[in-house]
Structures are given as C-alpha cells and as structure tokens.
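Readers should treat all values here as calculations from the given coordinates under stated rules, not as data from a laboratory. Keep in mind the model is a prediction, meaning the values are calculated, not measured. So basically every Cβ, Gly included, is an ideal-geometry build from the backbone, and we count neighbours across all protein chains shown.
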Amino acid sequence: MRKLTIYILLLILVSFLIPIIFTKKFGEDKQTASVTEHIDNKEENRQKVEEPSYDYKKYNTVKVLHTKTNNIEEINLDEYLYGVVSAEMPASFEKEALKAQSIVARTYTIYKIIHNGGKHEGADICDNSNCCQAWISKEDRLSKWEETEREGNWNKIVQAVNETKGKIITYNGEPINAFFHSNSGGSTEAPINVWGGSGYPYLQTVETSGEDSYTQYKSEVTISKEELVNKMKEKYKEFSINFEEENAIQILEYTEGKRVKTIKIGNKNLSGVEVRSIFTLKSANFEVNIENNNIKFSVIRIWSWCRNESNRCR
C-alpha cells in the first residue's frame, strides 16, 4: 500500500505539471540554468526556452510567521525545508517521495518569496497549512517520533532535501505556484473551477489512475430533508424546495475533473464547491440521492497534506 501511494504521488506530480520540468536553478554562485523543455500541445513540437539566472544566496533565507506566537523568524532555506517536509509527509515514505515533496516545497517557498509573501506583512510565508505551508521545528518533530526512530527519520528527511538542493519546478523559466495532494480522486482539477480567476496554464485536468485503492477513498454524508432545508436557508433566506418534484435535486454539469460544477437544489443553482462547503463534504466529486426522508451524498475523498480544493490557502 505504501509503495502504491508513493507511485500515485509521483505520477500526479509528473502528470499534473505538464509542460513543466524540474530544473536545478540554484548554486552557491550565480548560475544560468540551461534550458527548460516547453511542450506545445497544439503543434506537438518541443521548444527550448532560455531561463533567467538565479542567485542561490538571494533565496538562502526565508521569513516565517509563526502563527501561534505571531513572531517572524528568519530561517535558512534548507533548515526551513527540513521542517516543512517533516510536517507535510510521513518520514516512513520512500526517500524518492520525500525528495519530490522537497522540490514542491522549495518551489512554493521561492514563489512566495518572489511574490512578497502575499498577505503576511513582513513575512514570506506562515507555518499554517490552512493558509500557506505546514512547518514544524526539529525539536517538536523529534518529540513526536518514537525515540528509536528519531535519528533515522530526521536524517532521511535531511537527505531528501539536500539531495534535491536548488531544484525547483518552473514554467516559462519562472517558479510555479506549486499545489499538491496525496490523492486527487482519480482526476486533478483546474484551479479556475475551484477558486475562479484566470487559472494557471501549467495546472490542468489530467486523469490519475490507481487511486481507488487509497485508504478511505470514498465517504458518505447523510442528512435529513429538514436539515438540508435549514442549512440552505442559513445561507439563502429565499430558498425553497418541493421534494415531491422529480428533479428537486439535480446535478446539471460536471467539470473536466469530474467534480460537480453546477447543481440545482430546489429553487437555487449552486456550484459544487458551494455545496461542499455548506454540507461539509470531503470534495466536490460527489453524487446525491434522495432516500425516503434523507439526502445522501456519496463522495470521492480528495486527500491533501497542504492545500485542498476548498481552502484558498496559497
């Protein structure tokens, strides 16, 4: 099961980020990365795009906001990544998976540094996974492991970060906004269908087979008709529904990623993301049925260590 999970993670990482490649961009001295292969899907031809230079020392530290204390700490980038990887992925995973996680975490961190940390004044990033990226101190991380596992686990994470030193993911020579998850429910989703906006050209819908064997892949949420009405009226005062109608609840449209795009519930048309939020579903990948006096949502669970499709945390 562990190996299958790792293979899924690596497959998602590769397929989800087309036409991106991993490139070694940092060094102790200023480097010029050679080329990035860019795939033109329409012409099916490969182009070579020269990348800009990056100075490793320029990104050698990161300003981290510790949300519990509201203090900002400047940390060496590699030291910071040890804490991120150990917080985001179990140390029991294969080292190649930890290395992939290291590259994604480094990419996202550099992206945040370049874009001035977003909403955190004076900081590049925070340690809250519901807002930015999880992080844990070495002391706290070691205390949560069995004493016999501490040294081996920590060394494994340090090796994963060090062996990918300087590697990030780029698109057109720039660090990407790196989203990731451990299970996509069989298909990734374009961010535009979740958060709106113009989206990202490097994040598109692709199928990710083999995920149905993942632990707790499916879930169900059952609520009464009365509870549905109450929850809907909390948000929409004018809401009404006649459960005697054949299509009282009807999914109208799906996204390319197989999530619910539009659903009719009574007199309201909602997005799948809205329904997920209202009824606390694990994802917008669901089916819905009326069963006697109950409403049952059958959900394909989307698992994430860092960013999920309902929290706009990055």
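Here are some notes:
- Under-5 Å amide H pairs with ILE168, H placed in peptide plane, nonlocal only: THR23, LYS25
- Summed residue charge, Cβ within 10 Å of PHE297's Cβ, Lys/Arg positive, Asp/Glu negative: +1
- Sum of side-chain charges, GLU74 neighbourhood, beta-carbon under 12 Å (Lys, Arg +1; Asp, Glu -1): -2
- Among ARG106, ARG276, the ranking by other beta carbons within 10 Å of each residue's beta carbon, starting with the fewest, stands as ARG276, ARG106.
- With 31 Å as the limit, the listed pairs LYS119/LYS167; LYS58/LYS156; LYS225/LYS261; LYS58/LYS144 have LYS58/LYS144 beyond it between alpha carbons.
- Counting neighbouring beta carbons within 10 Å and listing from fewest to most, the residues SER86, SER277, SER129 come out as SER277, SER129, SER86.
- When each of PHE279, PHE286, PHE243 is scored by the number of other beta-carbon atoms lying within 10 Å, the sequence from fewest to most is PHE243, PHE279, PHE286.
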